[in-house]
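The values are calculated or read from the model by the stated rules, or taken from the named source; none is laboratory data. Quick caveat, the model's predicted, so the values are computed rather than measured. Methodologically, a virtual Cβ is constructed for each residue, glycine included, from the backbone with ideal geometry; neighbour enumeration extends over all protein chains shown.
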């Protein structure tokens, strides 16, 4: 009402996802008696169909879950290791890997989805993948973000040797798509049907894996059948920090979400609620904390438990808080060990959150890496390959080097927060590459410190920080505030009022006392909330 999205709440369950049809797919599983784990896998698979440029079964991802039956939070990491035959030394610059088939990491998403269902779901894979199969076979009218994603990739991929396979799969050879055109992916439907019938082994050691390896090998890919057969999603305990009256949980290293938690740990020492919302002191404090935490993540990437404990220690955090307070300009890296140029085409990820009436809560962030990943479509399968190795470092001196068999540190941070009694009260995740750990900080401050409803907190203006002192704040901030921040050393740049540079967040706020679940979806994308 009053020009804003309606608040969508339910006691029966809720799904927040980056496409309306994907959210509906998850809600369908809940309505059919499935739980949050079934619904999350169904939503993730449907996003493969409805957002094929963002994520898919060949991509990578991770989940943070509150498991009601165990009354605890667990995380599931399905980021795979660097392929055993990755060609170290061939690439001299990170950008050389972006559209190269050798940037395709061993797929992890399908293994992760199936593990969620196997471990805690109650539906069969045939039931879980049925919505994705129907969407792929029947097709659906594409909307704004679909159109931009597909057409934006045409010119970029046109010079690659694998362009024709991609063009046929996503445009049926037409070259461009218009809003309202029907996107059908019959080959992908057949692939999902085979997976539903034969299980994840159809990829991990089976016919689909064989097709992937053979086709990529002809183009210069690097993962092998042995790499596929070694894929095994890992259940782990989360890492967590307190912020105000909640505890925020996400995945442990090698996941890079510890940057998000470290930022919240720093900010917990400031009375942000006493500062004017979106005023100079609020933004200056938050941006400085974000930049300092990013520097710590880059310097201490993949920290062991002892190093992680030190990063979160009073000693280190007090020093970082003092640096926030000293007012001296902060300049530093926010992405990788070496400076990099921003490019939005490289930031195509998606996040979803699901809660059911039994108390299970799941937040997933998954991706193909960049826009349609590396762009290679495996013939006759409808599967587009990721380019996740672009987020490693070709320079072996870096803190996240692409060494064969090494763990890959990825900057996603799906989170679930709990109150003092351990009950979940918030699921929050976002896409945005190295901006992920910045976006979640800014929205959480709006939600906890300023008391905004979750939808309003997500819609509030945000900023993206880049290497050096560069900041891209949405222009809905007061210009006078931005001018003062510029004088304080922030490299303010003109930015649209709404931009996906600052992510595309989905979340669910939960009231354990009443059972109410309230979803929120980011208008910066085609996001939506659905209920059973």
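Condition first: at pLDDT below 90, assigned to a loop (DSSP other than H, G, I, E, B) and either touching a strand residue (DSSP E or B) at 6+ places or on another chain (Cβ under 7 Å) or buried (at least 16 other Cβ atoms within 10 Å of the Cβ) (or both). Now tell me which residues in the stretch 326-350 satisfy that.
If the condition is that a residue be at pLDDT below 90, assigned to a loop (DSSP other than H, G, I, E, B) and either touching a strand residue (DSSP E or B) at 6+ places or on another chain (Cβ under 7 Å) or buried (at least 16 other Cβ atoms within 10 Å of the Cβ) (or both), then 336, 337, 340, 342, 347 are the ones that fit.
Which one of these is touching a residue at least 12 places away in the same chain (Cβ under 8 Å), within 26 Å of residue 338 (Cα to Cα) and touching a strand residue (DSSP E or B) at 6+ places or on another chain (Cβ under 8 Å): 492, 458?
492
Which one of these is at pLDDT 95 or above, touching a helix residue (DSSP H, G or I) at 6+ places or on another chain (Cβ under 9 Å), part of a helix (DSSP H, G or I) and surrounded by fewer than 24 Cβ atoms within 10 Å (Cβ to Cβ): 110, 47, 21?
21
Condition first: part of a loop (DSSP other than H, G, I, E, B), touching a residue at least 12 places away in the same chain (Cβ under 8 Å) and over 30 Å from residue 72 (Cβ atoms). Now tell me which residues in the stretch 204-248 satisfy that.
205, 220, 221, 222, 223, 224
Return the residues of the stretch 461-489 that are without any contact (Cβ under 8 Å) to a residue 24 or more places away in the chain and assigned to a helix (DSSP H, G or I); say none if nothing qualifies.
Those that are without any contact (Cβ under 8 Å) to a residue 24 or more places away in the chain and assigned to a helix (DSSP H, G or I): 479, 480, 482, 483, 486, 487.
Among the residues in the stretch 54-70, are any in the same structural domain as residue 25 (by TED's automatic domain parsing), out of contact with any strand residue (DSSP E or B) (no Cβ under 9 Å at 6 or more places or on another chain) and either modelled with pLDDT of 95 or more or farther than 23 Å from residue 364 by Cα (or both)?
Yes, the stretch 54-70 has at least one match.
Consider residue 126 against the criteria (1) in contact with a helix residue (DSSP H, G or I) (Cβ under 9 Å, 6 or more places away or on another chain); (2) at pLDDT below 95; (3) loosely packed, with under 14 Cβ neighbours inside 10 Å; (4) within 22 Å of residue 19 (Cα to Cα): it satisfies all of them except one. Which criterion is unmet?
(2)
With the structure loaded, tell me whether residue 428 is within 11 Å of the chain's Cα centre (by Cα) and buried (at least 24 other Cβ atoms within 10 Å of the Cβ) or whether it fails that test.
Yes, satisfied.
Looking for whichever is assigned to a helix (DSSP H, G or I) and under 22 Å from residue 32 (Cα atoms) here; the options are 153, 196. Which one fits?
196
So residue 103 ticks every box in (1) buried (at least 24 other Cβ atoms within 10 Å of the Cβ); (2) within 27 Å of residue 249 (Cα to Cα) but one. Which box is left unticked?
Checking residue 103 against (1) buried (at least 24 other Cβ atoms within 10 Å of the Cβ); (2) within 27 Å of residue 249 (Cα to Cα), the one that fails is (2).
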